Every structure is written in C-alpha cells, then in structure tokens.
C-alpha cells in the first residue's frame, strides 16, 4: 500500500520483482557499476534477500526514470578517537541512479535526483523503519546532485573519484570535502607457511602460477572474466575464495572452457593470509567497488595486483604495482597475468612497491586523519 501512496501525477514507484520492463533502456554514464547492478545483479539480490530494488517510472510513458536499492543491517558508529564502536540497526541506501536517457529528453524537474530522494526514498525508508526498528539511514551511494549537502557539516570520501565528484557540493559549514585513505587496514601482517604443502592441500601444483581472489561469487564481483582468461594463461591456477549464487554457473563455464582442473572454488575461508602467501598474484575484477579491503590486504602481503578499471581499484593499483584492465575483457586480464607469469623479477618489484604503498592506508593513518578532521570541525563549532 505504501508504494501506491507515494505515486503522484508525474511518477509511479514499483518493486523491481513486479515489473522488469525497460531495464535495457537504462543508462548511467556516471558509473558502470550502477547500471550493471540494475541490469545484472538486482534481481539476483532480490532472490537472495540481500537487497530490495525500487523503480521510479514516468506515469505516462512508463519509462524508467531512476532506481534505488535498500538493505537493512547493523551500522557501526564510532564513540570517538580510539574509544571503540557501537552498533545499531539501520537501512542502507546501497544504490541510487537516475536514467541518463530520461534526463536527456525531459527537463520536468531541474534537480531530479534530489526530488526522488525527498519524495520517494525518504518516505519509503521512514515507513520501513516502523516495521524493522531501524534507527539510521546510511547513504552508501554518492548522490548525483547536492542531495544532502545543504544539511551536512563534514563530507568524508575514501576514493579519488568520489572526492572529485563531491567538490561541487556546497556544505552547510562552508568546508570542502575531505579525502581519507579508506577505512584503515592492519598492515605488516605476516604468516609463516610451507608454500609447497599449502599448495598441495588445496590441489595446486608446486610449480604453478597461482592467481588468488577473495569475494562473494556474484555478478558484480565478475569472477567470470578471470575464468575466461585462464584458457590463455598456460599453467596458471585460479584460487577463488568466497561463496555466492554464481557458483554453479562458474563451475559450468570452467567445464565448457576446459579449465576446470585449474579453477579452484574454495568457499568461505578463514586462512586467507596463508592462501595469499602461497600465491603469485591477486586479482579483483569487480564492476563496482568502494575501497576494497581484500585488495589492500593483498598489497600488504607483497603481491602484484591485477584489477578492473573501476572506482576504488584505480586508487590502489598503478603501473608500478600491477595492471588495470577492462572488467569485460578476458584477453586483457590474460595479458596481464602472462606478463607477471613470465617475469619473476617484475612480480617481486611490484609486490615490494605495493607493500610500501599500503602503509598510507593503515588503520593508524586513517584514525589520525579522521581525528584531525573531527577536531577541526568541533573546534569550529565551539568558536
């Protein structure tokens, strides 16, 4: 009933599972990940009860105007610098995008993103909160327009792309946005293993070139592109850690390509440190990321990295520490893997570089950056 109540003379809102017409017409030039999520991942997340996606349509033409997805869960809140965290229930605005194809031919509302947020997203969230007891709305998706900037004192970003996009926002405090080095990871982690025995325990030959990844097996994580690349990387074995709905499809694909003996689905693991220590290269091939922790951890282990050309990953992988490839190009991934497979000296140099670079993303560095930001903000308010 709440969705019907939100409809107005211009737009209607519906749950994605009720009608999927028009998805192919949706275009989002500001992020391949947002477009990909709607077309390839959203229905899968619905079936897995991971997220709920809602479609805004023009009432007359039924063209998709925008979409957004919501998730519920626990959100951690800092009690202050070095004082720990509390957890509370919240609703996450995980994805939010306006259809470029609609905006190009319609100028009904100048600030369409803001309008949709206030007229559709926020009322729906408030309605859901009454039933699930969630106390917060956490906005993960960076707004397209100055969605909440007028009500914001501090805007902290963790990727260069988000930082650049946020420069146009005029904050209530008059301050400019801040850029910090991610969420902070533990660095200088080391583990002693017998490399030969560890490889044997997971079915990998001692002399193989080993590619490792960590992440849920879903469409967005794009494990498929590495599986497809294997046929062009002689002798390489791919160790994929994680669980998810794409498991059977990936197994079938590997069988069709004739690489199933070199593709190892490891499931959920508690020994990622050991698996990284036995590997030669780490890969992250997602269509969309924030600031990927597993990539930072791989860099700390001194692994060269091959990643997709997308936000967050671009911040971490440069030509001194690895290769950036199109997430839709298995050949590009194969070329990168082969360059590393054939040159042990290059692997060592890139890995050493990554170990140095990741120091800037350590938990201690990020805590200090956040402390300085909050200290400045509270001092300004006190004055």
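Summary table below
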item	result
Zone residues, the range 200-227, relative to residue 344, backbone N less than 13 Å from point 7 Å out along Cα-to-Cβ	207-209
Distance between the range 177-255 and the range 278-296 - C-alpha centres, whole angstrom	9
Extended-chain gain in nm, criterion 0.36 nm per residue less alpha-carbon gap, residue 256 and residue 100	52.4 nm
Fewest-first sequence of 181, 237, 127 by Cβ atoms within 10 Å of each Cβ	127, 181, 237
DSSP bridge pairs, the range 233-307: antiparallel proportion in percent, nearest 5	10
Protection proxy ranking of 187-194, 296-303 - average other beta-carbon atoms within 10 Å, highest first	296-303, 187-194
Sorted by Cβ density within 10 Å, fewest first, the residues 362, 213	362, 213
Distance between modelled label sites at residue 329 and residue 154, nm, 7 Å Cα→Cβ extension	4.0
Gain upon complete extension [residue 62, residue 271; 0.36 nm per residue less C-alpha separation]	70.3 nm
Cα gyration tensor category, rounded, prolate or oblate, for the range 195-361 with a/c compared to 1.5	rounded
Relative exposure of 228, 262, 199, judged by other C-beta atoms within 10 Å (fewest first)	228, 199, 262
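Bear in mind that the values in this text are calculations on the coordinates, not laboratory data. What you see is a predicted model; the values in this text were computed from it and never measured. A quick note on method: Cβ atoms are made from the backbone with ideal geometry, for glycine too, and the neighbour counts reach across all protein chains shown.
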